[in-house]
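Input: a single structure, listed below in C-alpha cells.
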C-alpha cells in the first residue's frame, strides 16, 4: 500500500489542483461567459467523443493494464508486439466508427433535432475529438501500466483545464467564436497526447517494433479478454455518461430547440462539483489497477485483500470529508451562479451521494476485472447500463437534472452491491470495517456543526464552515485512530513540514 499511497497522494494533489482550476472554469467562467446552450454544447461534444472512444478502444485500454506485466521486458522495453497489436485493433475500429458517423448521419442526428440543434451544427467535429480521445486513453493506460501516472495526470487534469481558461478568456474578449473555441480545445488535447507519448518514449524506451512477436494463442487470449473488457468498459462508461446524453435528448422546449443543452450545462456544473468527491478515488485508482493486476499474476491474495480494505478506509475519510464540505456551503456557492442554475443544488446532492458510495466501496472494480472472474464484471456492467437507461428514461421527463442524478445514484447502489457480493462469494474478501461506520457518524456530526454558522459574506461563510468542519473532523479521526493509513500520511506530512522549517 506504500507505493499506492505515495503515488496516490501525489496524484490526488494534482487532481485537486485540476479541480480548483476546473471549478473556476465550470462554476464561474463558463456560466457567466458562454451562453448556457454553448456551454452545454462543449459538454456534449466531450461526452459523446469520450463514449465513441470507449467503443473504438474495443477494451484495449484495459488489456494494456492486464497484460503488460506478462509481456513487458523492463531492460529492453520489448513487449512482444502487444502495443503494435493493439494499435492495429484501434486503427481498424476508428475507421469503422468514422464511416458510421459519416453514412449514418441522419439517423444519429434525429434524437437531437428538437432539444440540441446546436449539436447538429457542429456534428463533424465529433470525429477528430473522438480520435484524439482514443489515442489519449490508450497512452494514458500505457503510462499507468508503467507506474508513470503523475505526468499524464498533470497533463490531463491541469494542462487541459488551463487551456480551457485561456480559451474562455479569448471568447470573453471576442477574439474567437464557439467554432474556434472547439477547434482550439481539440488542439489542446492533441498537445496533451504528444507530451504523454514523448515522455513514454524518452523515459521507458517504448518499442513499437519488436523482433519477438505474440503467438496466435496469445493474441486470441488478449482479444477474448479485450472483448469482454470492451463490453464492460462500454457498459460502465455509458452507464455513467448516458445521463448527460439523455438529458440533451429528453429535455425539450416547445419553441426553443436547445433546451436539452441548457439542462446539460446545469448537470455539468453539478457533475464537476461531485468530481471533488471522486478525486481521491481517481488518484489512488491510477496506481491501484496495475498493482492489483500484478498481485493476481503473483497469486498474492493477501495483498489484494489489504488494498481492498485500506482503499475503502481512506476513501470514506477523504471523499466523505469532501462531500460534507461542499454540501455545508452549497447555498453559498449557488449565490455565485446565474439564477438559471438553481437546480444544481439537489442534482449535486444525489450525484454526490452516488460518487461517495462508489469511492467508499474501494477497489472492487479493479479486483474483479483483473481476476479470472472478469466475465462476471462484464455481466454486472451490462446490467448497470440497462438499469441506468431505464431509470433515466423514467425520471428525466419528470425531474430533469435531478432525475438523472437519482438514476445515477440508484445505479451505483445496485452495481456496487453486486460487485461486493461477487468478490465475497468467490474470494471471501469484503472492504468494510467497524471503524468505517464510526467515520460516517463523525462526518454527520461535523456537518451538523457547520449548520450553526450563518455569515452574510459568501466567501467568509464558505471559509469558516470549511475550516471548522475540516479541523474538527481531522482531529477526531486522528485522535480516535479511525484510519491508520490516514494517520501515517498525516504524520509523514507533519515530519516533512517541521523538518523543512
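The values are calculated or read from the model by the stated rules, or taken from the named source; none is laboratory data. Small disclaimer: the values here were computed from a predicted structure and weren't measured. Positions of Cβ are backbone-derived with ideal geometry, glycine not excepted, and every protein chain shown enters the neighbour counts.
For region 166-179, give me each residue that is surrounded by fewer than 16 Cβ atoms within 10 Å (Cβ to Cβ) and in a helix (DSSP H, G or I). Listed by number, the residues that qualify are 166, 169, 170, 172, 179.
Output the residues belonging to region 468-501 that are at pLDDT 85 or above, assigned to a helix (DSSP H, G or I) and surrounded by 12 or more Cβ atoms within 10 Å (Cβ to Cβ). Those that are at pLDDT 85 or above, assigned to a helix (DSSP H, G or I) and surrounded by 12 or more Cβ atoms within 10 Å (Cβ to Cβ): 468, 469, 470, 472, 473, 474, 476, 477, 478. Of everything listed in (1) in contact (Cβ under 8 Å) with a residue 24 or more places away in the chain; (2) under 29 Å from residue 486 (Cβ atoms), the single unmet condition for residue 428 is (1).
With the structure loaded, tell me whether residue 448 is part of a helix (DSSP H, G or I), at pLDDT 90 or above and not assigned by TED's automatic domain parsing to the domain that holds residue 343 or whether it fails that test. Spelling it out, residue 448 is indeed part of a helix (DSSP H, G or I), at pLDDT 90 or above and not assigned by TED's automatic domain parsing to the domain that holds residue 343.
Criterion first (modelled with pLDDT of 85 or more, in contact with a helix residue (DSSP H, G or I) (Cβ under 9 Å, 6 or more places away or on another chain) and surrounded by 13 or more Cβ atoms within 10 Å (Cβ to Cβ)) does residue 112 satisfy it? Considered against the rule, which asks whether it is modelled with pLDDT of 85 or more, in contact with a helix residue (DSSP H, G or I) (Cβ under 9 Å, 6 or more places away or on another chain) and surrounded by 13 or more Cβ atoms within 10 Å (Cβ to Cβ), residue 112 comes out as no. Can you tell which of 159, 182 is at pLDDT 70 or above, surrounded by 19 or more Cβ atoms within 10 Å (Cβ to Cβ), touching a helix residue (DSSP H, G or I) at 6+ places or on another chain (Cβ under 8 Å) and on the phi < 0 side of the Ramachandran plot? Of 159, 182, the one residue that is at pLDDT 70 or above, surrounded by 19 or more Cβ atoms within 10 Å (Cβ to Cβ), touching a helix residue (DSSP H, G or I) at 6+ places or on another chain (Cβ under 8 Å) and on the phi < 0 side of the Ramachandran plot is 182.
Taking the conditions (1) crowded, with 23+ Cβ neighbours inside 10 Å; (2) modelled with pLDDT of 85 or more in turn, residue 59 satisfies each one other than (2).
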